[in-house]
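See below for the structure under consideration.
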Amino acid sequence: MSIEARQALVDSGRLFFQRDSQRADLLDPNVTRTELIALLSYLVDKGHHLELTAVKSDHHDDSDLAPSGVGTHWCGWAADFWPLTGPKPGAYVDAVTQTFRDFLGDLAGAPYRLQTGLGGSANLPENLAAAGDASFSDGDEDHVHGGTHPVAA
């Protein structure tokens with residue numbers, strides 16, 4: 001992804017940041033992978049508003065979860081987020097709704113999607129089913145983990 005594509009994503013008006021480091025992470029091709037930018041751009045282009053909860057700089061080192069680092073935050077392949085009801089940070093979509101499950105279906109169809117992790121109130125059997133194969137339970141904190149894989153995979 002070009003620097004212009006990264007800038008367009010962070011300036012889209014559909015992506016909100018809990019920390020300034022998240023914006024910086026997405027803008028830096030040495031920190032986040034092109035595939036992650038493509039996945040987030042796909043969701044934004046589908047009309048979703050997202051609030052980022054963790055990218056790399058604000059996430060613990062999870063590189064031990066995959067020998068190659070693929071799908072991890074620490075190696076630039078993943079972000080945690082939550083869908084919003086509109087262009088207002090903190091206006092979270094309720095995890096028990098069809099709207100949330102529709103979002104998970106869109107995420108499951110995103111380019112380069114490797115995995116979807118569901119944490120906290122999102123971690124429900126119906127949501128895991130909506131997230132498709134390669135979905136998993138991901139802790140107690142409310143978030144959706146979007147992990148990506150290489151272009152060649």
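Values quoted throughout were computed directly from the atomic coordinates according to the rules given, and no laboratory measurement underlies them. Computed from a predicted structure; not experimentally measured. Because the Cβ atoms are built from the backbone with ideal geometry, glycine has one as well, and the counts that use them run over all protein chains shown.
Volume of the convex hull of segment 3-148 (Cα atoms only), normalised per residue: 94 Å³. Cβ-to-Cβ counts within 10 Å put D28, D94 in ascending order as D94, D28, the fewest first.
What is the percent of Cα-Cα separations in segment 74-153 that go past 16 Å? Looking at segment 74-153, the distances longer than 16 Å represent 47 percent of pairs.
FRET efficiency for the pair A108 and D20, taken as 1/(1 + (r/R0)^6) with r the Cβ-Cβ distance and R0 = 30 Å, rounds to 0.50. Each residue of segment 78-93 was assigned a 3J(HN,Hα) from its phi angle through the Karplus expression (A = 6.51, B = -1.76, C = 1.60, θ = phi - 60°), giving 9, 9, 10, 7, 8, x, 10, 6, x, x, 9, x, x, 8, 6, 5 Hz with x at Gly and Pro. Relative contact order for segment 3-148: 22 percent, from Cα pairs under 8 Å spaced at least 6 residues apart, divided by residue count.
DSSP assigns beta bridges within the chain; of those with both partners inside it, close to 75 percent run antiparallel.
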